[in-house]
Amino acid sequence: MSTGSGKSGSGRSGSGRPGTTKTRTTQFSGRGLHNRVKTAKGRKTSSKMWLERQLNDPYVAEAKARGYRSRAAFKLLELDSMFGLLKKGARVVDLGAAPGGWTQVAVDAVGAGKGPKGGQVVAIDIQGMDPVQSATVILQDFMDPDAPDRIKDALTGPADLVLSDMAAPATGHRQTDHLRIMGLCEAAFDFACEVLAPGGGFVAKVLKGGTENELLAQMKRRFAMVKHAKPPASRADSAESYVVATGFRPDPKA
Ligand SMILES: C[S@@+](CC[C@H](N)C(=O)[O-])C[C@H]1O[C@@H](n2cnc3c(N)ncnc32)[C@H](O)[C@@H]1O
């Protein structure tokens, strides 16, 4: 599979080595992290607090140690150990992929680029990200009318798993943020129904309160199992959680 095909641009890049992670374990210790940041001239308290949180976050430290581009990589690893989502040889679509932590995890887990028995990962983000070896990265807004077709063109067959970690920048206005993320989730779900193979899986980020009733009812018609999960790597003070659906039914009446 090509590397960084599509208009993969520069932009957000990570600190680590792409696609080189050897282990999928999520066990690690965060003990011994207690860094404090002095308030530098011109640094706002909010950015001091952000920096302090980053420096003391065991997931940030472990992501760096393992070569993941984001601490978010652990959310997918944890969801995978809860639900057994990532299988060798699977075809995976990663929506809202930048800077690429989930893409790295998926590439390693499915064995993308590892010959005929290896899987495939197609990632898309509205923001540029560095190429991830053995993944196809498309730089485009997923909500563009032709974006779904570009992903389908890149896929070598039906997908086994559609992941969406898409999140629009928070406005701070709770209802607006909720509506935006649900719009992305709904679009991701519609797309998943078009590309998934029977038995396939779907994961999407949602906000507190979970998936809206109507969407949840639709998901339950199309999947054998639908659950909400908040992996430990998802910050306790964050309103995000994930809806996880497995056992895709191409024909909802069957
Ligand atoms: C939380 S980040 C994803 C982190 C990623 N899973 C990782 O492991 O590195 C959310 C991403 O969704 C992307 N996004 C938001 N809206 C999008 C859209 N309409 N189309 C494509 N990507 C979008 C953002 O650009 C952002 O990079």
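The values are calculated or read from the model by the stated rules, or taken from the named source; none is laboratory data. Because the structure is a prediction, the values reported are computed rather than measured. A quick note on method: Cβ atoms are made from the backbone with ideal geometry, for glycine too, and the neighbour counts reach across all protein chains shown.
Would you tally the residues in the stretch 110-130 being buried (at least 20 other Cβ atoms within 10 Å of the Cβ) and more than 8 Å from the ligand (Cβ to nearest atom)? Residues meeting the conditions: 7. Taking the criterion of being surrounded by fewer than 24 Cβ atoms within 10 Å (Cβ to Cβ) and either in contact with a Cys (Cβ under 7 Å, 6 or more places away or on another chain) or charged (D, E, K, R) (or both), the residues of the stretch 67-90 that qualify are ARG71, GLU78, ASP80, LYS87, LYS88. Just so you know, in the stretch 235-254 the residues that are at pLDDT below 95 and assigned to a strand (DSSP E or B) include one that is surrounded by the fewest Cβ atoms within 10 Å (Cβ to Cβ), and it is GLU240. Run down ILE138, ILE151 and say which single residue is within 12 Å of the ligand (Cβ to nearest atom), at pLDDT 95 or above and in a strand (DSSP E or B). When all the criteria are applied, what remains is ILE138.
If you check VAL195, VAL203 for being among the hydrophobic types (A, V, I, L, M, F, W, C) and in contact with a Lys or Arg (Cβ under 7 Å, 6 or more places away or on another chain), only one passes: VAL195. Scanning the stretch 59-103 for residues that are in contact (Cβ under 8 Å) with a residue 12 or more places away in the chain, more than 8 Å from the ligand (Cβ to nearest atom) and within 23 Å of LEU155 (Cβ to Cβ) yields LEU79, ASP80, PHE83, LEU85, LEU86, LYS87, LYS88, GLY89, ALA90, ARG91, VAL92, VAL93.
ALA224 - would you say it is under 23 Å from ALA123 (Cα atoms) and surrounded by fewer than 16 Cβ atoms within 10 Å (Cβ to Cβ)? Spelling it out, it is not the case that ALA224 is under 23 Å from ALA123 (Cα atoms) and surrounded by fewer than 16 Cβ atoms within 10 Å (Cβ to Cβ). Among the numbered conditions (1) away from the ligand (no atom under 16 Å from the Cβ); (2) part of a helix (DSSP H, G or I); (3) surrounded by fewer than 14 Cβ atoms within 10 Å (Cβ to Cβ), the only one that TRP50 does not meet is (1). Taken together, the residues in the stretch 168-186 that are surrounded by fewer than 16 Cβ atoms within 10 Å (Cβ to Cβ) and either out of contact with any Leu (no Cβ under 9 Å at 6 or more places or on another chain) or assigned to a loop (DSSP other than H, G, I, E, B) (or both) amount to 10.
Of all residues in the stretch 204-234, those being part of a strand (DSSP E or B) and more than 22 Å from ASP146 (Cα to Cα) number 10. Filtering the stretch 206-233 to residues that are within 16 Å of the ligand (Cβ to nearest atom) and modelled with pLDDT of 95 or more leaves ALA229, LYS230, PRO231, PRO232, ALA233. Evaluated against (1) under 18 Å from the mean Cα position of the chain (by Cα); (2) within 16 Å of the ligand (Cβ to nearest atom); (3) within 24 Å of GLY119 (Cα to Cα); (4) in contact (Cβ under 8 Å) with a residue 40 or more places away in the chain, CYS185 falls short on exactly one condition, (3).
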